[in-house]
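See structure below.
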Amino acid sequence: MLNIKPVPGLPEVQPGDDLARLITEAMRQARLKLRPGDALVVAQKIVSKAEGRIVDLATVEPRPEAVRLAAQCDKDPRLVELILRESTGVLRTVPGVIVVEHRLGLVLANAGIDQSNLRPGDDHGHALLLPEDPDASAAALREALAAHFQIERLGVIVNDSVGRAWRLGTVGLAIGVAGMTALWDLRGDRDLFGRELLVSETGIADQVASAAQIVQGEGDEGTPVVRVRGLGRLGPAQTARDLLRPRNQDLFR
């Protein structure tokens, strides 16, 4: 049975904080432990905050391309400049939204840049970028937590909320993965009637990321870290990049 347990009591994360230490201290106070086979899902926002990925928009000088695109999309030119810096290409634009291919390979609205839950009274004067390398962030957290709890089999997912083509509403997405399988390849297995599965692959890291987000929430819940127990198997270890569809198989760009 899958068990998803929030880790309460995490303080407001600041740039330069030791995130692994904050998590272990919060788990200690809540009398929560990690055991082999567990996975910890950590919201991208606190990872980005700890890594200092906050940008003061007053320091951003938009290029002419950003100014033109901002006028088309009714957005702050400084924010559009950050979107372009974080992206390798613009795919679609509508008022309020710029869909891009992020430099990490993800296709995201506004390059995943967020302005919510930053500084009280900030009036959107700052923006939060995705971690520089979410897989590396997940791996560093996993190494520190596995050492603290003295376990080997531990998965860590850095998750974010994203929209989807053809569907309303956001869901959780694994943008960083360490210590666990990201994509379960079921090809070659059999269905209930013995037929061979030919195309079935399961994005298990994305499924866990989305399930965890139900507990994490999107607003003022203040539970950016959850423990997931009961996955059954974690290996072989992969990264979030293993979930990216190769461009030559992409039917939509």
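The values are calculated or read from the model by the stated rules, or taken from the named source; none is laboratory data. Since this is a predicted model, take the numbers as computed values, not measurements. Cβ sites come from the backbone with ideal geometry, for glycine too, and all protein chains shown count toward neighbours. Protein only, heavy atoms only, side chains kept; ligands, DNA and RNA dropped before computing areas. Shrake-Rupley method; radii C 1.70, N 1.55, O 1.52, S 1.80 Å.
Laid out as a table, the results:
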read-out: Residue identified as within 24 Å of GLY172 (Cβ to Cβ), of a type outside the set (Gly, Ala, Ser), free of Cβ contacts under 8 Å to residues at least 12 places away in the same chain and open to solvent by less than 70 Å² (accessible area, probe 1.4 Å) among VAL42, VAL47, VAL99; value: VAL99
read-out: Subset of the stretch 231-245 (residues that are at pLDDT 85 or above and either in contact with a Cys (Cβ under 7 Å, 6 or more places away or on another chain) or of a type outside the set (A, V, I, L, M) (or both)); value: PRO236, GLN238, THR239, ARG241, ASP242, ARG245
read-out: Residues (assigned to a strand (DSSP E or B) and open to solvent by 60 Å² or more (accessible area, probe 1.4 Å)) located in the stretch 1-17; value: ASN3, LYS5
read-out: Which listed residue, of THR24, THR93, THR88, THR59, is hydroxyl-bearing (Ser, Thr, Tyr), touching a strand residue (DSSP E or B) at 6+ places or on another chain (Cβ under 6 Å) and surrounded by fewer than 21 Cβ atoms within 10 Å (Cβ to Cβ); value: THR88
